[in-house]
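One structure is given below, encoded as structure tokens.
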Amino acid sequence: MHSVALLTASYAKDIERFSLLSESIDTWLSGYTRHYVLVNDEDVPLFERFGSDKRVIVPASRYLPKWLFALPPALQFISSRRVWLSLLSSPVHGWHIQQILKIAGVLNAPEQRVCILDSDNLFFREFDVGQYAGGEKTPLFVTPKAIAADAPLHSLWLRTVDQLLGVKDRSFPADDYVGNALVWDRDTARAMTGAIKAATGLNWALALCRKKKFSEYLLYGHFVANSPAQLATHQVTEDSIAVSHWDDTRLDRPAIEAMMRAASPEQVALCIQSYSSTSIDDIRDVFRLNSGDRRAPSLSPDHMGEVATFEVPKTR
């Protein structure tokens with residue numbers, strides 16, 4: 001079995017969501033060595049209270065290139081979004097920095113496998129992530145043929161990915177590798193950044209800063225899919241371990257409870273996107289109701305709180 005780490009890129013505005021994620025990890029997860037939490041340098045003091053022998057708070061500057069630096073908070077009035085200035089590209093915003101940090105975090109992890117967890121994820125069942133992610137092959141989640149040529153965001157991200165990887169022929173509909181609680185292999189990530197340099201002639205981080213409109217998950221997934229050698233080291237599955245709410249509809253407490261009840265026995269994580277404006281207090285209340293008695297959880301006597309077990313993923 002390979003060693004497995006957890007990795008989260010977060011920031012001050014997501015600290016309440018991250019607090020719930022970390023509580024859920026401490027309640028339900030086993031089988032990992034460390035949880036690496038990458039945050040803006042000025043946010044480190046805010047996140048230090050979450051540090052432990054298994055959770056490490058890492059300042060972003062440790063992984064970002066020296067030619068990329070954050071605009072001081074006092075000057076952020078020029079933009080409603082956090083801005084990083086670059087000596088080699090146009091300014092970069094916080095969402096892109098988080099994607100770059102995820103890649104850099106995987107590249108620098110001592111562990112072979114990394115489960116990437118965004119701040120708006122949480123776990124609600126016992127889960128041995130080492131059993132799931134540490135096997136001979138890396139699980140690779142995909143939604144087949146889900147990206148249409150006219151998809152407003154995903155098709156744009158995918159065309160950028162093709163430029164970064166030097167993919168010449170792209171057909172649609174294309175596979176979608178965006179998901180939650182995804183697992184990356186460190187050696188594969190290194191091969192991916194090498195492919196970016198080969199295709200663009202640039203350091204991978206600089207290439208991403210110059211392109212901007214990309215998805216790190218599409219980048220990894222399509223790199224693997226276009227490399228027979230890498231694909232052979234991954235177990236492709238259409239079954240996500242997370243039940244997710246992707247759109248901007250605000251969920252009330254009964255809707256959150258219904259999502260958890262509807263989860264299959266293999267689904268151990270819940271993701272309600274932060275842009276849905278769903279109340280974090282409602283999410284926390286539902287989570288704590290479920291976690292209050294791990295032997296007899298409140299929400300679903302049938303299988304809420306069971307230990308998740310995994311069959312060999314369905315492949316294609």
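The values are calculated or read from the model by the stated rules, or taken from the named source; none is laboratory data. What you see is a predicted model, and the numbers here were worked out from it, not measured in a lab. A quick note on method: Cβ atoms are made from the backbone with ideal geometry, for glycine too, and the neighbour counts reach across all protein chains shown. Protein only, heavy atoms only, side chains kept; ligands, DNA and RNA dropped before computing areas. Shrake-Rupley method; radii C 1.70, N 1.55, O 1.52, S 1.80 Å.
Answer with yes or no whether S240 is touching a helix residue (DSSP H, G or I) at 6+ places or on another chain (Cβ under 8 Å), closer than 25 Å to L153 by Cβ and at pLDDT 95 or above. Considered against the rule, which asks whether it is touching a helix residue (DSSP H, G or I) at 6+ places or on another chain (Cβ under 8 Å), closer than 25 Å to L153 by Cβ and at pLDDT 95 or above, S240 comes out as no.
Flag: K212 matches the condition of being basic (K, R) and in contact (Cβ under 8 Å) with a residue 40 or more places away in the chain. Annotation for segment 65-78: at least one member residue is open to solvent by 60 Å² or more (accessible area, probe 1.4 Å), part of a strand (DSSP E or B) and either in contact with a Phe, Trp or Tyr (Cβ under 8 Å, 6 or more places away or on another chain) or closer than 22 Å to D120 by Cβ (or both).
V92 meets the conditions (1) of a type in the set (V, I, T); (2) in contact with a Cys (Cβ under 8 Å, 6 or more places away or on another chain); (3) within 26 Å of D187 (Cβ to Cβ) in every case but one. The failed one is (3).
Considering (1) in contact with a Ser or Thr (Cβ under 8 Å, 6 or more places away or on another chain); (2) assigned to a helix (DSSP H, G or I), the lone condition that C271 does not fulfil carries the number (2).
Exactly one residue out of E42, E126, E48 is more than 19 Å from the chain's Cα centre (by Cα), of a type outside the set (A, V, I, L, M, F, W, C) and at pLDDT below 95: that is E42.
If you go through segment 197-219 and keep only what is out of contact with any Leu (no Cβ under 8 Å at 6 or more places or on another chain) and closer than 18 Å to P139 by Cβ, you end up with just E216. The set of residues in segment 207-230 being over 16 Å from V183 (Cβ atoms) and open to solvent by 20 Å² or more (accessible area, probe 1.4 Å) consists of R210, K211, K212, K213, N226, S227, P228, A229. Quick one: is P110 free of Cβ contacts under 8 Å to residues at least 40 places away in the same chain and open to solvent by 10 Å² or more (accessible area, probe 1.4 Å)? Here the answer is no, as P110 does not meet what is asked.
If a residue has to be in a helix (DSSP H, G or I), without any contact (Cβ under 8 Å) to a residue 40 or more places away in the chain and not acidic (D, E) to count, how many in segment 18-61 make the cut? Adding up the residues that qualify gives 9.
Within the set D118, D175, the sole residue that is open to solvent by 10 Å² or more (accessible area, probe 1.4 Å) and assigned to a strand (DSSP E or B) turns out to be D175.
Here D187 meets the list (1) within 23 Å of V114 (Cβ to Cβ); (2) touching a residue at least 40 places away in the same chain (Cβ under 8 Å); (3) buried (at least 17 other Cβ atoms within 10 Å of the Cβ) almost entirely, failing just condition (3).
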